[in-house]
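Just below is one structure, and these are the notes that go with it.
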Amino acid sequence: MAVHTKFRLITYSQEIVDGQPIFVSSNCLPTKALKYEPAGHSFHSAALKLRGVQEDKNEADDKKVPEDKEQTYLPSDSYSSKSKKKSGTGDKQQDHYALLGLGHLRYLATEDQIRKSYRETALRFHPDKQAALLLAEETEAAKQAKKDEIESHFKAIQEAYEVLIDSVKRRIYDSTDEFDDEIPTDCAPQDFFKVFGPAFMRNGRWSVNQPIPTLGDDNTTLKEVDNFYNFWYSFKSWREFPHADEFDLEQAESRDHKRWMERQNAKLTEKARKEDYARIRTLVDNAYKRDPRILRRKEEEKAEKQRKKEAKYLVKKLQEEEAARIAEEEKQRKEEEERQAAEAALQQKKVKEKEKKLLRKERARLRTLSGPIISQRLLDISDDDVEGLCMSLDIEQMRSLCENMEGKQVLLEQASVLRDAMSSKKEVADEKTNKKDANGSIKANGSASRSNVEKKEKPWSKEEIDLLRKGMQKYPKGTSRRWEVISEYIGTGRSVEEIMKATKTVLLQKPDSSKAFDTFLEKRKPGAQSIESPLSTREELEGVSTLASTNSTEESHSKSTDNQNSASANGVSSSSEQDVWSAVQERALVQALKAFPKETSQRWERVATAVPGKTVNQCKKKFAMMKENFRNKKSAV
């Protein structure tokens, strides 16, 4: 240290010279001087400070400390609770921040501030700097006690620095530091921000995510309010929870014992962490329930919901009123239509009654005029003929007929007029009958044309069906132009529509029990004699052969007669010979109809095969005649 010669050194009073004790002030703790003169550069600097020449470095450092409490310390997420040691001796934990002179900053102190404060405090309280305190003690025991006190104080400073400079240890210490866990439960609406704002700021020190959003004020936007509550509802804390009953891992006797201690400590820590999260959640819930901005938004949403509900109810009410009005108008319209219809019906009824009355009057008039004619039997006019005219003629015709009869004075002339009316009535009836017959013939021709169209569709033969099955197996689904290829494969000129229809009808038919017999009939030799029907007997066959020989003899005998009649018949043979049915043929037809029911495929071909000497059309015609005869007999009975 440079010596300033232009300043006078410190002077000593008479008290010091006489050896009296005196307390002096310096940049360190008060020092008691007894019978010793101060010496050294420290006293020289102290003298300069007393004169105001040199500024105190401690005060300058204190001025440089930022007064704002902005948190710059962000601990890491990964930390361990292993080897947790309680600082200090005894049950009371020492204040590390106070030992380093950072009590006013505490958890807000930065690492640089901790290092700087430790250097100054270590120099100030180093045992070599505290030698003057030992000299102030009189006895050796007091000096030893004072020495132990100075050393323990210096060790505490070193321990505080070791804890605060290590991020994990400092996190554990900050977690156990004095903290107000109380949360507000209720407050006045106007004091909400004053009560809950500091509580959130106080608990925000434990947040992993920094910086934390502020509660704001009454003018804060709803988006910021939602972000604030979303942050706190997903709050993550780095706070440690060292328990009073935790086990010291350094006291473990073995590795298994240490692991057991770690598990127990983890259980206690997890329990404390859950309790702290529940406390934070309660704080957020209490604030959310009492936040005037949230309450105002809920009221607005409720009012909006009520407004929509009322609007919906109003619209529904208007719709119901409109529907009721339309229903009332429809009801009135129907009532008016019914009233008008009733009036029209009543009027029509009156007109009909009037017409009936006039008709009865005219009929009575006609009966009166025709009475003498009927009594004298002129022109064979009977009472039934007059009644027929009365029932068939309308009012105008009857009136004109009566007037014509009244215009004739002679009864014979009146009878001729009446006969003419009867003949005209008969002509009208004949025209109606002819029209009906013409309509019936038109219908018959239409049905015949439809049947011809249906018959135009060529039936599928057995060979075509077999080729169709083989073609569908040979060309499966997925083949390009499958149906055209199958049509070419069959080779009979079948169209694609006919083939597709046959796959849904012909191929799906169940096999018939008489298939083998039909195949046999198709493949038999032309000259071979066989049984024509599965139900026929030998006697029936003999009768059929006898009948056939008789018919051939009769035909040869009447050949000349037929030749003579052929000229008059224009070469057309009579069909009466073909319509002749023997008893054997009729019995075979009945049995074949029973053997082949209506749902049998190709029924009439099989029936004709079973009936000897008859074709399909003859069998159908005979069946129609039998059915007509049965109906006539039934009606006669």
Task: Boolean, Glu338 is at pLDDT 90 or above, open to solvent by 100 Å² or more (accessible area, probe 1.4 Å), under 29 Å from Val195 (Cα atoms) and part of a helix (DSSP H, G or I) - done: no
Task: Scan of region 616-626 for residues that are free of Cβ contacts under 8 Å to residues at least 24 places away in the same chain and either open to solvent by 90 Å² or more (accessible area, probe 1.4 Å) or more than 15 Å from Val590 (Cα to Cα) (or both), ordered by number - done: Asn617, Met625
TODO: Exactly one condition in (1) over 60 Å from the mean Cα position of the chain (by Cα); (2) at pLDDT 80 or above; (3) open to solvent by 40 Å² or more (accessible area, probe 1.4 Å); (4) not basic (Lys, Arg) is not met by Leu100; state its number.
DONE: (3)
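Yes/no matrix, rows are residues, columns are (1) assigned to a helix (DSSP H, G or I); (2) modelled with pLDDT of 75 or more; (3) farther than 30 Å from Asp384 by Cβ:
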| position | (1), (2), (3) |
| --- | --- |
| Glu413 | yes, yes, no |
| Asp420 | yes, yes, no |
| Asp430 | yes, no, no |
| Thr433 | yes, no, no |
| Lys436 | yes, no, no |
| Asn445 | yes, no, yes |
| Leu468 | yes, yes, yes |
| Gly478 | no, yes, yes |
Task: Tally of residues being within 23 Å of Thr110 (Cα to Cα) and assigned to a loop (DSSP other than H, G, I, E, B) across region 152-200 - done: 5
TODO: Only residues that are acidic (Asp, Glu) and assigned to a helix (DSSP H, G or I): list them for region 585-637, please.
DONE: Glu586, Glu605, Glu628
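Determine whether Phe247 is open to solvent by 60 Å² or more (accessible area, probe 1.4 Å), in contact with a helix residue (DSSP H, G or I) (Cβ under 6 Å, 6 or more places away or on another chain) and not in a helix (DSSP H, G or I).
yes
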- [ ] Specify the residue that is surrounded by the most Cβ atoms within 10 Å (Cβ to Cβ); the eligible residues are those in region 370-405 that are among the acidic types (Asp, Glu) and touching a helix residue (DSSP H, G or I) at 6+ places or on another chain (Cβ under 7 Å).
- [x] Asp385
- [ ] Go through Ile157, Ile212, Ile172 for me and flag whichever is in contact (Cβ under 8 Å) with a residue 12 or more places away in the chain, closer than 29 Å to Asp291 by Cα and open to solvent by less than 50 Å² (accessible area, probe 1.4 Å).
- [x] Ile212
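Identify all residues within region 281-294 that are without any contact (Cβ under 8 Å) to a residue 12 or more places away in the chain and open to solvent by 60 Å² or more (accessible area, probe 1.4 Å); write none if there are none.
Lys289, the sole residue that qualifies.
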- [ ] State all residues of region 265-283 that are over 14 Å from Glu182 (Cβ atoms) and either touching a Pro at 6+ places or on another chain (Cβ under 6 Å) or hydroxyl-bearing (Ser, Thr, Tyr) (or both); if no residue qualifies, say none.
- [x] Thr269, Tyr277
- [ ] Identify, from the list Ala160, Ala132, Ala141, the residue that is over 29 Å from Trp232 (Cα atoms) and modelled with pLDDT under 85.
- [x] Ala132
TODO: Filter region 113-123 for residues that are closer than 10 Å to Phe154 by Cβ and open to solvent by 50 Å² or more (accessible area, probe 1.4 Å) and give the result.
DONE: none
- [ ] Residue by residue through region 215-228, note down the ones that are assigned to a helix (DSSP H, G or I) and in contact (Cβ under 8 Å) with a residue 60 or more places away in the chain.
- [x] Leu222, Val225
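The values are calculated or read from the model by the stated rules, or taken from the named source; none is laboratory data. Predicted, not measured: the structure shown is a model, and the values here were computed from it. Glycine gets a Cβ as well: all are built from the backbone with ideal geometry, and neighbour counts include every protein chain shown. Side chains included, ligands, DNA and RNA excluded: accessible areas come from the protein's heavy atoms. Shrake-Rupley method; radii C 1.70, N 1.55, O 1.52, S 1.80 Å.
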